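The values are calculated or read from the model by the stated rules, or taken from the named source; none is laboratory data. Remember, it's a predicted structure, so these values are computed and weren't measured experimentally. Cβ placement follows ideal geometry from the backbone for every residue including glycine, while neighbour counts extend to all protein chains displayed. Note: areas computed on protein heavy atoms with side chains; ligands, DNA, RNA excluded. Shrake-Rupley method; radii C 1.70, N 1.55, O 1.52, S 1.80 Å.
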Amino acid sequence: MIISKSEFLYRAQMDQETLQVWISEEWIAPQGLETEPVFSEADLARAGLIRNLQQDLGVNTEGVGVILNLLDQIHSLRWALSSKLKAAGDDGNS
Amino acid sequence: MFGEVSLRDPYEILGVAKTATPDEIRTAYRKLAKKLHPDLNPGDTKAEDKFKDVTGAYDLLSDAEKRRRFDAGEIDASGTERPQQRYYKDYAGSAGAAGPRYQNTSGFADFAQEDDFLAELLRRREQQARRAPGADRLYQLEVDFLDAVNGATRRITLPDGGSLDVTIPPGIQEGQTLRLRGKGAPSRGEGPAGDALVEISIKPHKFFVREGDDILLELPVTVSEAVLGGKVKVPTPSGTVMVTVPKGSTTGSTLRLKGKGVARRDGSRGDELVKLKVMTPAEPDPELEAFLSKWTPNYDPRRDMQS
């Protein structure tokens with residue numbers, strides 16, 4: 001599912017300048033080129049999370065970056081753990 | 001922590017007194033939201049429900065008017081839910097990241113030194129990032145009516161100066177997208193290039209109209225051709241053909257030219273439907289007028305209209 005920049009801005013209810021800032025902070029990492037980025041539904045969900053952090057939870061700019069970094073580590077850890085558990089399960093070990 | 005919430009009393013949900021100030025309400029909400037936000041608890045399957053209760057309560061009590069009406073008993077706490085939100089964790093899911101650029105193995109890279117299985121996972125991730133394909137690129141192409149019906153090859157000039165040869169399959173429809181493999185953006189690593197996606201729009205034709213697999217054509221004919229019949233040249237998408245107009249035709253008579261319509265994938269073609277339109281002369285024709293003034297029609301086109 002490819003989302004163009006204009007559709008992304010509309011659905012995330014944000015402006016071009018804010019998106020540029022988020023991309024330079026590496027909070028959102030679209031595929032594609034700088035001149036024509038392409039976004040996914042996952043990027044939209046990530047934008048929603050950033051909004052929640054800033055507006056609902058009162059997290060400041062520096063905090064958002066730290067949280068996203070840790071969250072990405074958590075997701076990779078969960079993946080590694082569930083892969084390991086699945087492999088152990090398949091071996092018949094507990 | 002939440003157990004059975006009594007009929008969803010928003011004050012109870014947020015843990016504030018009925019006399020709480022707006023600041024106290026926001027502070028209480030933030031404290032709970034920080035703990036309960038589903039993306040901050042990716043492994044908690046009940047997180048979304050708990051969070052929904054809290055945001056619902058906050059939306060109700062943070063709105064002065066709604067709070068007043070609730071306190072007065074005019075409205076209840078139901079219907080306060082926000083529209084369904086997809087959380088980032090729904091996408092990160094089993095792949096451990098919602099996109100190759102959000103992967104972060106720093107959390108367990110050290111364990112991989114002691115564990116073959118984890119080392120393999122780590123290696124695969126790094127390889128995936130290197131091998132990730134380039135992005136797809138989106139283009140729009142406006143195509144002539146006959147190129148769409150018959151098929152064609154056209155060249156698009158790209159913004160960066162390059163060009164792309166696009167094969168338009170016969171019978172392509174308005175809005176269809178063609179995928180050209182490997183013609184998109186190059187990969188950041190060593191992966192393959194992405195694809196070019198070309199969205200097709202079709203220019204209308206001066207006199208052909210498409211209806212599914214058929215072509216519709218309104219063909220002007222002279223009075224003589226209609227009354228006496230005769231051979232006329234008729235345009236079709238695949239060239240001009242001679243067609244016999246039957247004697248005694250009139251406006252609306254339709255002739256079907258089999259196989260002269262839109263090409264289909266299997267090689268067959270639809271039909272062309274030619275609807276006749278009898279035209280009287282545009283310029284005055286004294287000879288015709290002289291004849292008609294002496295001619296009595298033996299038919300009444302408005303017979304069925306007597307009121």
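Out of curiosity, is B:A20 farther than 18 Å from A:R51 by Cα, assigned to a loop (DSSP other than H, G, I, E, B), open to solvent by less than 50 Å² (accessible area, probe 1.4 Å) and more than 8 Å from chain A (Cβ to nearest Cβ)? The answer is yes for B:A20.
The single condition from (1) surrounded by 10 or more Cβ atoms within 10 Å (Cβ to Cβ); (2) closer than 30 Å to B:I168 by Cβ that B:K258 fails is (1). Checked against the criterion of being of a type outside the set (K, R) and facing chain B (nearest Cβ under 7 Å), the range A:8-28 has no qualifying residue. Among the residues of the range A:43-62, those identified as more than 7 Å from chain B (Cβ to nearest Cβ), over 15 Å from the mean Cα position of the chain (by Cα) and either open to solvent by less than 20 Å² (accessible area, probe 1.4 Å) or polar (S, T, N, Q) (or both) are A:Q55, A:N60, A:T61.
Among the residues making up the range B:275-307, those that are in contact with a helix residue (DSSP H, G or I) (Cβ under 9 Å, 6 or more places away or on another chain) and assigned to a loop (DSSP other than H, G, I, E, B) are B:T280, B:P281. Residues in the range B:98-114: is at least one more than 25 Å from A:R11 (Cα to Cα) and open to solvent by less than 20 Å² (accessible area, probe 1.4 Å)? Yes, the range B:98-114 contains a residue that is more than 25 Å from A:R11 (Cα to Cα) and open to solvent by less than 20 Å² (accessible area, probe 1.4 Å).
Taken over the range B:152-167, the residue count meeting the criterion of being open to solvent by less than 100 Å² (accessible area, probe 1.4 Å) and in a loop (DSSP other than H, G, I, E, B) is 3. Only helices (runs of 4 or more DSSP H) whose full extent lies in the range B:66-151 are considered here, and the ones with at least 1 residues that are in contact with a Pro (Cβ under 6 Å, 6 or more places away or on another chain), more than 10 Å from chain A (Cβ to nearest Cβ) and of a type in the set (S, T, N, Q) are B:145-150.
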